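The values are calculated or read from the model by the stated rules, or taken from the named source; none is laboratory data. Remember, predicted model here, so these are calculated numbers, not experimental data. Here the Cβ is made from the backbone with ideal geometry for all residues, glycine too, and neighbour counts use every protein chain on show.
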Amino acid sequence: MSSKEGGLGAPIRHPLYWKEESFTDTSQLDTEMRRVFDVCHSCRRCFNLCDSFPRLFDLIDDSDSGELESVNSANFKSVEEACTLCDLCFLSKCPYVPPHEFNIDFPHLMLRYRYSQKIKKTGLSLVNKIMLNTDLTGKIGSYFAPILNWLFSKKNKLVRKFLQISAGIHKEAKLPEFHWKTFNKLFNKYRYKNQNRLGIHKRKVLVYTTCFVNYNMPSVASAALTVLQKNNIIVEFIYPECCGMPKLEAGDLQSVVSKARRISNKLLPWVDKGYEILTLTPSCGLMIKSEWQLLDPDNKKLKKISSATKDICEYISEFSKDNDFIFGKNNIKKNISLHIACHTKAQNIGIKSADMLRNIPDLNINIVDKCSGHGGSFGVKKNTYPLAKKYGKIASRKISSSEDTVIVSECPLAAQHLREVKNETNNNKTILNTYHPIEILAESYTDE
């Protein structure tokens with residue numbers, strides 16, 4: 001095994017054998033946390049990534065000996081609570097990740113802690129069971145969309161105060177709005193017919209719509225349909241259920257594996273027919289490409305599906321290099337602050353959204369390569385929203401305040417969070433709008 005620090009090779013992630021007794025053994029977990037934390041303490045390269053590391057280093061520096069040995073293990077909980085599982089420490093900062101002999105994987109260690117200390121002991125709370133069940137909340141939310149969007153608006157202060165007390169959702173956090181017409185409803189009504197369309201080199205794609213796009217932002221899937229149709233690519237859409245990322249962030253590993261197996265049974269027949277799978281949000285792409293396999297390493301179906309999966313910007317960027325892909329010329333959004341989502345970087349594929357958008361003329365693209373601070377439910381919960389807002393302000397400083405600026409991100413939640421923070425910073429003098437990169441591309445076909 002290589003012991004070279006900071007090598008140029010890609011990090012290697014080992015499977016999580018979460019069903020083994022040693023994975024949840026309290027003594028073995030504490031030993032591993034102390035081993036990893038001691039390496040982090042001696043390095044401190046990740047001091048400015050997220051709040052987990054400053055909390056860890058403060059615990060050590062404020063202890064009696066100034067070393068990890070005098071820190072009470074009960075205090076490790078505060079370090080875990082600040083981790084959003086963005087994976088940036090593993091992929092972009094830490095010089096000791098595998099194949100280095102120190103074998104440091106900080107995010108998956110936090111995941112192990114959540115599973116063994118929370119899920120195995122008490123399970124998810126009732127509130128978390130509801131909140132993290134995005135299909136349940138999505139179906140209810142879309143059916144009663146106008147009422148619930150009004151009810152949960154930040155302007156409805158009385159309801160939001162009650163929600164903060166009863167459900168632990170911060171009263172100032174912007175919650176995603178539901179759409180009565182989910183994309184599944186729209187696509188079933190206006191179903192794209194592929195008959196007699198050969199497509200470019202018989203290209204065929206299956207778009208996994210994702211829960212957020214289906215229930216909260218169907219315009220992203222509609223834009224994807226427009227772009228793929230424009231280029232004569234045979235396209236189908238599928239959404240059996242949520243990929244499981246919210247459950248993963250909470251440490252509910254059994255639920256994630258169950259979802260992966262059910263969804264893979266729906267996706268595999270399409271892969272066998274020659275379809276490539278496209279995801280519309282980076283978190284779902286990361287789940288299908290990586291996390292599913294790491295939790296269920298002996299499942300050959302997951303490996304086959306992983307190799308057939310790409311983010312939509314990744315697909316278009318790579319496909320257009322060797323084919324006559326049609327990019328629009330009439331884009332009206334000129335000044336773009338393009339946020340690079342953490343889970344896009346975690347896939348180690350490069351900034352494909354920027355590569356794609358640079359094919360549209362006269363765009364001013366400003367890359368925002370800072371964490372938005374949102375982190376899924378982390379960005380709306382009472383205890384963590386202030387932290388999400390703190391890091392969101394750091395990223396928002398990179399966003400232009402001009403009236404023609406739009407915020408673009410492959411992660412809709414990150415874009416929404418940055419918009420709220422930026423608008424607040426500007427005292428709402430300039431209200432910025434948000435888009436997914438594929439929406440910008442689709443809009444560039446206007447009037448052609």
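If Lys161 satisfies every condition in (1) among the basic types (Lys, Arg); (2) closer than 15 Å to Ser377 by Cα; (3) outside any loop (DSSP other than H, G, I, E, B) but one, which is the exception?
For Lys161, the exception is condition (2).
Can you tell which of Ser264, Ser255, Ser290 is touching a Lys or Arg at 6+ places or on another chain (Cβ under 8 Å), surrounded by fewer than 24 Cβ atoms within 10 Å (Cβ to Cβ), hydroxyl-bearing (Ser, Thr, Tyr) and within 19 Å of Leu136 (Cβ to Cβ)?
Only one candidate qualifies: Ser255.
Would a scan of the range 123-130 turn up a residue that is β-branched (Val, Ile, Thr), at pLDDT below 95 and in a helix (DSSP H, G or I)?
yes
Among what's in the range 200-226 and is in contact with a Gly (Cβ under 9 Å, 6 or more places away or on another chain) and farther than 18 Å from Ile288 by Cβ, pick the residue that is surrounded by the fewest Cβ atoms within 10 Å (Cβ to Cβ).
Only one residue tops the list, namely Lys202.
Residues in the range 230-244: is at least one of a type outside the set (A, V, I, L, M), over 26 Å from Gly350 (Cβ atoms) and in contact (Cβ under 8 Å) with a residue 60 or more places away in the chain?
Yes: the range 230-244 contains one or more residues that are of a type outside the set (A, V, I, L, M), over 26 Å from Gly350 (Cβ atoms) and in contact (Cβ under 8 Å) with a residue 60 or more places away in the chain.
Given Arg112, Arg55, Arg13, which one is over 27 Å from Asn383 (Cβ atoms) and basic (Lys, Arg)?
None of the others qualify; the one that does is Arg13.
For Asp25, indicate whether it is in contact with a helix residue (DSSP H, G or I) (Cβ under 7 Å, 6 or more places away or on another chain), of a type in the set (Asp, Glu) and either over 29 Å from His343 (Cβ atoms) or loosely packed, with under 13 Cβ neighbours inside 10 Å (or both).
Answer is no for this residue.
Regarding Cys89, is this residue within 25 Å of the chain's Cα centre (by Cα), outside any loop (DSSP other than H, G, I, E, B) and more than 19 Å from Ile119 (Cα to Cα)?
yes
Look through the range 351-375, keep the residues that are polar (S, T, N, Q) and more than 14 Å from Lys334 (Cα to Cα), and return whichever of them is surrounded by the fewest Cβ atoms within 10 Å (Cβ to Cβ).
Here the residue is Ser372.
If you go through the range 382-398 one residue at a time, how many are surrounded by 23 or more Cβ atoms within 10 Å (Cβ to Cβ) and over 18 Å from Cys83 (Cα atoms)?
Total meeting the criteria: 1.
Of everything in the range 399-419 that's among the acidic types (Asp, Glu) and out of contact with any Lys or Arg (no Cβ under 8 Å at 6 or more places or on another chain), which residue is surrounded by the fewest Cβ atoms within 10 Å (Cβ to Cβ)?
Per the stated criteria, the residue is Glu403.
Considering the range 290-327 alone, what residues qualify as being closer than 23 Å to Ala223 by Cα, in a helix (DSSP H, G or I) and either under 20 Å from the mean Cα position of the chain (by Cα) or touching a residue at least 12 places away in the same chain (Cβ under 8 Å) (or both)?
Of everything in the range 290-327, those that are closer than 23 Å to Ala223 by Cα, in a helix (DSSP H, G or I) and either under 20 Å from the mean Cα position of the chain (by Cα) or touching a residue at least 12 places away in the same chain (Cβ under 8 Å) (or both) turn out to be Ile312, Cys313, Glu314, Tyr315, Ile316, Ser317, Glu318, Phe319, Ser320.
Go through the range 92-110 and count every residue that is part of a helix (DSSP H, G or I) and more than 16 Å from Ala346 (Cα to Cα).
Within the range 92-110, residues that are part of a helix (DSSP H, G or I) and more than 16 Å from Ala346 (Cα to Cα) number 2.
Based on what the data block shows, is Asp105 closer than 30 Å to Arg35 by Cα and touching a residue at least 12 places away in the same chain (Cβ under 8 Å)?
yes
Which residue pairs have Cβ atoms under 9 Å apart, sit 6 or more places apart or on different chains, and have a first residue in the range 131-146 that is closer than 9 Å to Trp180 by Cβ and a second that is basic (Lys, Arg)?
Once the first residue is closer than 9 Å to Trp180 by Cβ and sits in the range 131-146, its partners that are basic (Lys, Arg) give Ser142/Lys181; Ser142/Lys185; Ala145/Lys181.
Does Asp362 satisfy the criteria of being under 16 Å from the mean Cα position of the chain (by Cα), among the acidic types (Asp, Glu) and not assigned by TED's automatic domain parsing to the domain that holds Val79?
So Asp362 does not fit the description; no.
Can you pull out every residue in the range 420-429 that is part of a helix (DSSP H, G or I) and surrounded by fewer than 19 Cβ atoms within 10 Å (Cβ to Cβ)?
Asn423, Glu424, Thr425 - these are the residues of the range 420-429 that are part of a helix (DSSP H, G or I) and surrounded by fewer than 19 Cβ atoms within 10 Å (Cβ to Cβ).
Which residues, taken from the range 30-44, are more than 22 Å from Ser116 (Cβ to Cβ) and assigned to a helix (DSSP H, G or I)?
His41, Ser42, Cys43
When the range 252-284 is examined, which residues are found to be farther than 23 Å from Met131 by Cα and part of a helix (DSSP H, G or I)?
Selection gives Ser264, Asn265, Lys266, Leu267, Leu268, Pro269, Trp270, Val271, Asp272.
So that you can scan it fast, the table gives a plain yes or no per residue for (1) among the aliphatic types (A, V, I, L, M); (2) modelled with pLDDT of 90 or more:
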site: Cys313; (1), (2): no, yes
site: Ile336; (1), (2): yes, yes
site: Ile340; (1), (2): yes, yes
site: His343; (1), (2): no, yes
site: Leu363; (1), (2): yes, no
site: Gly373; (1), (2): no, no
site: Ala388; (1), (2): yes, yes
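From Lys398, Lys390, grab the single residue that is assigned to a helix (DSSP H, G or I), outside the structural domain of Met245 (by TED's automatic domain parsing) and more than 17 Å from the chain's Cα centre (by Cα).
Criteria check complete, one pass: Lys390.
Within the range 45-86, count every residue that is among the charged types (D, E, K, R) and in a loop (DSSP other than H, G, I, E, B).
5
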